[in-house]
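Chemist: One structure, as structure tokens, below. Some questions next.
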Amino acid sequence: MRSLLLKAAATTLTLGVVALSARYVAAHLRNPSAPLQPPVVGSATPAPTGGQGSLQLTPAVRATDLPPATSTYVS
Amino acid sequence: MSPEGWRALPGSGVERRSFLAMGSQCHLLGLGLERGRLDWATGRVVEAHRRFSRFVPESELSRFNASGGKWVAISPWLEELLRAALEAYRLSGGLVHAGVLPSMLAIGYTRPLAEGGPTPAAAVMPPPVPPLPELLQVEPGRARLRGGGIDLGGIVKGWLADRLAAVLGENCVVNLGGDLFARGPGPQGEGWPVGVGGTTVLLRDQGAATSGTWRRAWGWGGRRLHHLIDPRTGRPAESDLGEVSVVAERAFAAEVHAKAALLLGRGLAPAYLAGRACAWRLA
């Protein structure tokens, strides 16, 4: 009888924890648009211009329409 | 327009020399240079290859790598370059590591790829590389290598481009295998027009470099191998970037930061380069 009571109590406790956890999770959905934690430290460098795969320029470098005299490349 | 196209521009007056050295195509450009200066600089590049290539058995670097852990006398050139290797390690937070030679040998990069290609890769890869300051000690006139081996191929071109441009002339570009330094106002007074990832930018007293994994790459045993070793793993880098170009205040810094950014990957590279680079391109 005592062992049966213990089993019932354990089962009840387990089911209770599962139910409470599910309720907590459902009430605290992760916001996918929330910023990463910890936040990325901002840079003192001015924001570069350009898109993915394009050249990111800071004010220290200026683009030109002149033909290149030479180029940087993988060697 | 190609460099040849530039040379054809009327009145540019740019002297130009192109040649193969350090396993790469090199270009020297200048305006108002002293007579014979391009020949002199070409000779210095060839000499640097003979001194610092691990592929040349009698090079000073090869002798140093074979020194068996003893303190050995080194030339001022090698001393400066070994100090630069330690500086590259520091600047990159340990990512640009000249002590990865055992890993390069293990993947079969035992000879210039233009001279017969890689040799069979080892079945067991070496472990991650210890910190460079633990392997390499440099003092005035002497140095000691405590295990492993040094490969200077990752930094020597940018380092030499800075040094050569400083003495070649007041208005010149030294481009060694794509790692370059542009000194002076260029042909039109606004800087030297330099191609970086398909865009032309004006560089004045600035360096540029590109690092990538698609050249010096080969397949072995179903694996894709390349020469850019990640010291954190001792294996070819597994990055989601294939090529990184960087403009910085020196060619040496551009070369170091391009390699480090490539190892960091697309997620971390922009934060790393912000504040370190004047311009960059991730591809």
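The values are calculated or read from the model by the stated rules, or taken from the named source; none is laboratory data. Computed from a prediction, not measured in an experiment: that's the story for all the values here. Every residue, glycine as well, gets a Cβ built from its backbone with ideal geometry; the counts of neighbours run over all protein chains shown.
Chemist: Determine, yes or no, whether B:R183 is of a type in the set (K, R), away from chain A (no Cβ under 13 Å) and touching an Asp or Glu at 6+ places or on another chain (Cβ under 9 Å).
Modeler: Considered against the rule, which asks whether it is of a type in the set (K, R), away from chain A (no Cβ under 13 Å) and touching an Asp or Glu at 6+ places or on another chain (Cβ under 9 Å), B:R183 comes out as no.
Chemist: Does B:Q188 satisfy the condition of being at pLDDT below 95 and either out of contact with any strand residue (DSSP E or B) (no Cβ under 8 Å at 6 or more places or on another chain) or at the interface with chain A (Cβ under 8 Å from one of its Cβ atoms) (or both)?
Modeler: yes
Chemist: From B:G197, B:G219, grab the single residue that is within 13 Å of chain A (Cβ to nearest Cβ) and out of contact with any Gly (no Cβ under 6 Å at 6 or more places or on another chain).
Modeler: Of B:G197, B:G219, the one residue that is within 13 Å of chain A (Cβ to nearest Cβ) and out of contact with any Gly (no Cβ under 6 Å at 6 or more places or on another chain) is B:G197.
Chemist: What are the residues in segment B:168-187 that are acidic (D, E) and either in a strand (DSSP E or B) or within 13 Å of the chain's Cα centre (by Cα) (or both), if any?
Modeler: B:D179
Chemist: Could you check how many residues of segment B:19-78 are assigned to a loop (DSSP other than H, G, I, E, B) and touching a residue at least 12 places away in the same chain (Cβ under 8 Å)?
Modeler: Residues flagged as assigned to a loop (DSSP other than H, G, I, E, B) and touching a residue at least 12 places away in the same chain (Cβ under 8 Å) within segment B:19-78 amount to 15.
Chemist: Here's a follow-up. Can you say whether B:T233 is more than 7 Å from chain A (Cβ to nearest Cβ) and out of contact with any helix residue (DSSP H, G or I) (no Cβ under 7 Å at 6 or more places or on another chain), as far as the supplied structure shows?
Modeler: yes
Chemist: Check segment B:240-258 and report whether any residue there is in contact (Cβ under 8 Å) with a residue 24 or more places away in the chain, among the acidic types (D, E) and either facing chain A (nearest Cβ under 7 Å) or surrounded by 24 or more Cβ atoms within 10 Å (Cβ to Cβ) (or both).
Modeler: yes
Chemist: Would you tally the residues in segment B:146-160 being surrounded by 20 or more Cβ atoms within 10 Å (Cβ to Cβ) and over 22 Å from B:L228 (Cβ atoms)?
Modeler: The number of residues fulfilling the criteria is 0.
Chemist: Determine whether segment B:84-92 contains at least one residue that is exposed (fewer than 15 other Cβ atoms within 10 Å of the Cβ), basic (K, R) and modelled with pLDDT of 95 or more.
Modeler: Yes: one or more hits.
Chemist: Further question: If you scan segment B:113-130, which residues turn out to be in contact (Cβ under 8 Å) with a residue 40 or more places away in the chain, assigned to a loop (DSSP other than H, G, I, E, B) and surrounded by 13 or more Cβ atoms within 10 Å (Cβ to Cβ)?
Modeler: Within segment B:113-130, B:P118, B:A121, B:M125, B:P126, B:P128, B:V129 qualify.
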